[in-house]
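Have a look at the structure below, then the notes.
The values are calculated or read from the model by the stated rules, or taken from the named source; none is laboratory data. Every value quoted in this text rests on a predicted model; they were computed, and no experiment measured them. Note that we place each Cβ from the backbone using ideal geometry, even for glycine, and neighbour counts take in every protein chain shown. These accessible areas exclude ligands, DNA and RNA; they are computed on the full protein's heavy atoms, side chains included. Shrake-Rupley method; radii C 1.70, N 1.55, O 1.52, S 1.80 Å.
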Amino acid sequence: MIKSRWLKAATALSLIACASAAQAAPAIEGGERQPLNVEAIVMFLIFVVATLGITKWAASRTKSAADFYAAGGGITGFQNGLAIAGDYMSAASFLGISGLVFASGFDGLIYSIGFLVGWPIVMFLIAERLRNLGRYTFADVAAYRLEATPIRTISALGSLTVVAFYLIAQMVGAGKLIELLFGLEYLYAVIAVGTLMTVYVAFGGMVATTWVQIIKACLLLGGATFMAFVVLMSFSFSPEALFARAVEVHPGQQTIMSPGKMVSDPISAISLGLALMFGTAGLPHILMRFFTVSDAKAARKSVFIATGLIGYFYILTFIIGFGAITFLMNEPAYFKAAADGASYDKVKDLLGGTNMAAVHLANAVGGSLFLGFISAVAFATILAVVAGLTLAGATAISHDLYASVIAKGRASEASEVRLSKITAIIIGFVAIALGYIFEQQNVAFMVGLAFAVAASCNFPVLLMSVLWKGTTTRGAFWGGLAGLVSALVMVCLSPAVWEDTLGYPKGSAPFTYANPALFSMTIAFTLIWLISKLDGSARGDAERAAFDAQYVRSETGLGASGAASH
Amino acid sequence: MAAANSAAIEQIKSDPDFQRLVRARTRFSTVLTVLILAIYFGFILLIAFAPQWLGQSLAGGVTTIGIPLGVGVIVAAFVLTGLYVRRANSEFDVLTQQLLERHK
């Protein structure tokens with residue numbers, strides 16, 4: 001019974017471990033409902049009560065569209081930095097990366113670096129211009145001088161695709177993880193997540209979502225800091241001593257200290273690197289966060305704080321991964337024994353799979369109470385991330401599609417906000433349904449796909465419309481669409497879907513690289529450039545002429561509205 | 001919302017201070033972007049083509065050259081971001097404020 005519980009964890013965590021998609025454990029099903037984990041549930045209930053209280057308070061402050069989408073611009077740079085870090089430090093990065101370090105040492109560091117280096121790019125190219133030009137979504141920025149209908153349509157399409165794939169991966173992962181850690185049945189777990197995220201978003205809007213994010217970021221950073229501290233303390237704060245012990249204990253010995261087989265093919269490595277780096281700059285739920293602060297200065301500060309916290313967090317996960325090697329590998333209690341009842345594989349046989357390394361370490365360093373705390377934090381983490389996604393999805397539909405494309409700007413602010421709330425509720429139902437439908441599917445590739453789409457559709461459309469005078473509506477629309485479609489098609493033809501999901505034989509996938517970004521980004525940027533160049537329409541000329549006004553505002557913030565309503 | 005009419009836009013755009021500000025900031029952010037790209041993809045290419053080099057012992061112990069280099073990439077991302085914020089918050093913001101005051 002306990003064993004099958006950990007087996008399920010392997011499945012659950014491989015689903016949410018975004019980057020380690022390539023190493024996703026095969027789906028293992030089976031096992032009945034698990035015993036209730038009382039400590040974890042009590043701590044999680046405290047979190048739920050606190051966040052619902054915040055939602056109630058936030059609801060009383062959420063009146064205008066600016067309040068709903070952008071917290072009225074009233075979040076400080078530091079708070080927003082914490083919230084961005086919260087959005088970014090998913091359960092996947094915490095459990096997935098520490099699990100990867102546990103299994104193969106150095107290779108885990110490579111992934112965490114890929115996730116971090118997108119942030120300087122966001123800072124240098126995007127953050128200030130976004131804050132100066134937009135109000136609630138990045139589509140506001142891309143459509144600043146381009147025609148609203150096509151540009152908002154393609155932006156909303158890109159955003160909704162990203163949100164959908166991200167959300168499915170999180171819902172399925174959440175359901176399995178919660179089933180495992182809390183002993184709650186899968187369907188109930190999915191319903192609980194879907195309901196809570198809908199309540200946060202529909203009633204509390206961006207204010208509630210931000211504070212859920214901030215609380216979760218503090219809990220996660222606090223818990224991870226404590227674990228890393230205990231690990232380092234037991235080695236008298238000498239990393240060399242920690243590594244030496246890990247090399248002694250780990251079956252891979254000295255190989256865990258150098259790059260392993262993860263990056264064997266340079267094209268895949270670069271393609272994945274591009275997706276992680278530029279995908280970050282195209283994630284709709286992250287880009288929305290820049291409108292919650294008062295000005296460009298606060299936007300800069302929030303990226304700086306977020307980069308520091310996320311970098312610190314990844315260094316902690318590295319220490320935690322090595323700590324798990326030294327604390328767990330010689331303790332048979334954490335492993336599934338082979339048929340002889342004694343021997344076990346020190347990597348593969350970890351109960352629940354390698355992604356459970358951090359959770360077991362929590363037990364090893366802090367006992368069952370701390371294990372309960374880390375489990376509750378993992379639940380809170382998932383909840384905060386899905387709430388951010390739901391808000392981004394609802395905003396794409398109500399603000400970009402409904403208010404601009406369908407109602408052509410004639411919708412009242414009140415009706416737009418009402419529609420967002422209804423959409424958030426619908427997204428909640430859809431997410432629960434998708435979580436249910438995809439329970440048995442391998443959805444590990446979906447977060448990688450979300451990053452690839454963000455890098456190949458949202459990011460090129462945004463960057464080119466802001467930086468290149470020659471960009472026209474026609475170019476941005478068709479280039480963005482080509483990026484979106486090519487990323488989707490290449491992922492479907494890649495080994496993760498073609499072989500692992502559709503079941504075609506190994507080696508038969510038509511597209512052999514793990515991530516399409518290198519190719520789909522090239523397609524998007526080339527087509528935006530080429531089609532804009534060839535665009536001889538009067539509209540295209542007017543759009544090029546309108547660049548100067550956008551340029552002055554994007555560089556100086558002249559006339560930029562605060563997100564607060566006027 | 002402040003009305004930014006086309007005459008005001010032209011004025012600002014042709015202001016030498018505006019051009020100086022934008023040129024300096026563009027150069028600075030381009031240099032930093034190229035730096036972070038070079039650092040990151042340099043690291044990836046080292047992993048792809050020279051894993052043995054990264055796997056050498058750093059100081060005779062088990063710690064390899066790759067560990068401080070990897071942590072160094074994380075620190076570099078933070079430091080470069082900080083450098084940008086420092087210059088933007090002082091120099092660039094002051095120039096922008098002056099510019100906006102003058103063209104009010």
Any chance A:G72 is surrounded by 24 or more Cβ atoms within 10 Å (Cβ to Cβ) and either of a type in the set (F, W, Y) or touching a residue at least 40 places away in the same chain (Cβ under 8 Å) (or both): no
Evaluation of A:A50 against (1) under 22 Å from A:T195 (Cα atoms); (2) in a helix (DSSP H, G or I); (3) open to solvent by 40 Å² or more (accessible area, probe 1.4 Å); (4) at pLDDT below 90 (one fails), failing number: (4)
Residue list for region A:180-221, filter: more than 20 Å from the chain's Cα centre (by Cα) and closer than 29 Å to A:F318 by Cβ: A:L180, A:L181, A:F182
Check on A:G367, closer than 19 Å to A:A208 by Cα and not aromatic (F, W, Y): no
Condition broken by A:H285, with the remaining ones in (1) buried (at least 22 other Cβ atoms within 10 Å of the Cβ); (2) within 9 Å of another protein chain (Cβ to nearest Cβ); (3) not polar (S, T, N, Q) satisfied: (2)
Number of the condition not met by B:A38 [criteria: (1) open to solvent by 20 Å² or more (accessible area, probe 1.4 Å); (2) over 19 Å from A:I305 (Cα atoms); (3) more than 9 Å from chain A (Cβ to nearest Cβ); (4) touching a residue at least 24 places away in the same chain (Cβ under 8 Å)]: (4)
Which listed residue, of B:K13, B:K104, is over 23 Å from the mean Cα position of the chain (by Cα), more than 9 Å from chain A (Cβ to nearest Cβ) and not acidic (D, E): B:K104
Wholly within region A:429-528, helices (runs of 4 or more DSSP H) carrying at least 3 residues that are more than 21 Å from the chain's Cα centre (by Cα) and in contact (Cβ under 8 Å) with a residue 40 or more places away in the chain: A:459-467, A:473-492
Lone qualifier among A:A275, A:A298, A:A244 - being at the interface with another protein chain (Cβ under 8 Å from one of its Cβ atoms) and either of a type in the set (A, V, I, L, M, F, W, C) or touching a strand residue (DSSP E or B) at 6+ places or on another chain (Cβ under 8 Å) (or both): A:A244
Among (1) over 25 Å from A:F278 (Cβ atoms); (2) aliphatic (A, V, I, L, M); (3) more than 9 Å from every other protein chain (Cβ to nearest Cβ) - the single one B:L21 does not satisfy: (3)
Pair list, Cβ under 8 Å, 6 or more apart: region B:56-79 residue within 19 Å of A:D107 (Cβ to Cβ), other residue part of a loop (DSSP other than H, G, I, E, B) and among the small types (G, A, S): B:T64/A:S258; B:T64/B:G55; B:I65/B:G55; B:G66/A:S258; B:G66/B:G55
Search result, residues across region A:57-70 that are in a helix (DSSP H, G or I), closer than 26 Å to A:A396 by Cβ and either in contact with a strand residue (DSSP E or B) (Cβ under 6 Å, 6 or more places away or on another chain) or of a type outside the set (G, A, S) (or both): A:R61, A:D67, A:F68, A:Y69
Count - residues of region A:219-237 that are open to solvent by less than 40 Å² (accessible area, probe 1.4 Å) and either in contact with a His (Cβ under 7 Å, 6 or more places away or on another chain) or over 14 Å from A:G86 (Cα atoms) (or both): 6
Residues of region A:114-154 satisfying the condition of being under 18 Å from the mean Cα position of the chain (by Cα), more than 19 Å from A:R300 (Cβ to Cβ) and away from chain B (no Cβ under 14 Å): A:T137
B:P51 open to solvent by 60 Å² or more (accessible area, probe 1.4 Å) and not hydroxyl-bearing (S, T, Y): no
Given (1) open to solvent by 20 Å² or more (accessible area, probe 1.4 Å); (2) without any contact (Cβ under 8 Å) to a residue 24 or more places away in the chain; (3) closer than 29 Å to A:M123 by Cα, index of the condition A:Y312 fails: (2)
Unique residue being outside any helix (DSSP H, G or I) and farther than 30 Å from A:K63 by Cα when the list is A:G273, A:G260, A:G222, A:G282: A:G260
Helices (runs of 4 or more DSSP H) contained entirely in region A:71-143, each with at least 1 residues that are over 23 Å from B:I36 (Cβ atoms): A:77-88, A:98-104, A:128-133, A:138-142
Of the criteria (1) more than 20 Å from A:L221 (Cβ to Cβ); (2) buried (at least 19 other Cβ atoms within 10 Å of the Cβ); (3) modelled with pLDDT of 85 or more, which one A:Y344 fails: (2)
Checking A:E416 against (1) modelled with pLDDT of 90 or more; (2) surrounded by fewer than 23 Cβ atoms within 10 Å (Cβ to Cβ); (3) in contact with a helix residue (DSSP H, G or I) (Cβ under 7 Å, 6 or more places away or on another chain); (4) part of a helix (DSSP H, G or I), the condition it does not meet: (1)
